[in-house]
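Working notes for the structure below.
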């Protein structure tokens, strides 16, 4: 970090020539922007995401050993992970894991649950309908809309192909 | 072995998405939409299901797995009920995930208060 020549803010402010000033400013912004190294973030995402999926595998196996069939076990697993994620979001731990895990906390279903729970807690002061009720869908809304829509489009194609005896 | 596969595959998907996050500055909400739609698409192509069969929770827990389940729900509903299934299957298949997230989040909002940003 900072092996380029260091630019002082005063140097940016005092510079008369606009072009040089803009260049200096950009360099200054680059300097003070915290650098996140991609390899480090990827390792964090890999570890956290991997662990969440391993926990999911554990619960799936557990529910199957309790006598649930495979599909039911997966559904129970989803409920369990969603519940744990929302609990951890409520007590403020999920956010801390997310700082280290990045995409590792975003990609699993727990990230979806977190994106539903966080605004629900955040906006409770604004009331049950226009606070929680509206904002609970801030992220869940787009996910549900485009998930449903894309599966509807592809489902329609599947239906047509099936009517034509292609599939 | 099952656990190793779940760990490696799940971790790999998350690491790949991390590249997407870091290199494109996409907002997390957009990334989630992209993941679900990718899952729906790969599910429709018949690629995701065999992959999920092999990788277990490593493919099922990420949101791409959620998308795959969505399409599978639509497909099964079409096979069973015909045209009506196109409109019915998606919500049926995603009901468990969406309902549990909504219900538990609403209950959580009774008990928890926003954390002060440190």
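Numbers for the structure displayed
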| read-out | value |
| --- | --- |
| Three-way shape label, segment A:39-135, alpha-carbon gyration tensor, a/c 1.5 | oblate |
| Between 0 and 90°, nearest 10: helix A:109-122 axis offset from chain A longest Cα axis | 70 degrees |
| Neighbour-count ranking [beta-carbon atoms within 10 angstrom, fewest first] of B:38, B:64 | B:38, B:64 |
| Estimated 222 nm signal from helices in chain A, with DSSP H stretches of n ≥ 4 weighted -39500 (n - 2.57), rounded to 500 | -24500 deg cm²/dmol |
| Fluctuation leader among B:29, B:67, B:58 - chain B, Gaussian network, Cα springs under 10 angstrom | B:29 |
| Between helix A:137-163 and chain A: long-axis angle, C-alpha atoms, 0 to 90°, nearest 10 | 50 degrees |
| Packing-based exposure ordering (other Cβ within 10 Å, fewest first) of B:107, A:160 | A:160, B:107 |
| For chain B, calculated [θ]222 nm from helices alone, where every DSSP H run of n ≥ 4 adds -39500 (n - 2.57) | -28000 deg cm²/dmol |
| Least to most buried among B:63, B:20, B:84 (fewest other Cβ within 10 Å first) | B:84, B:20, B:63 |
| Principal-axis tilt of helix A:18-32 within chain A, Cα atoms, nearest 10 degrees | 50 degrees |
| Gaussian network model of chain A, Cα within-10 Å springs - most flexible of A:16, A:96, A:74 | A:16 |
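Laboratory data are not the source of any read-out in this text; all were calculated from the coordinates shown. Please read these numbers as outputs of a predicted model, since none were measured by experiment. For neighbour counting, all protein chains shown are included, and Cβ atoms are generated from backbone atoms with ideal geometry for every residue, glycine included.
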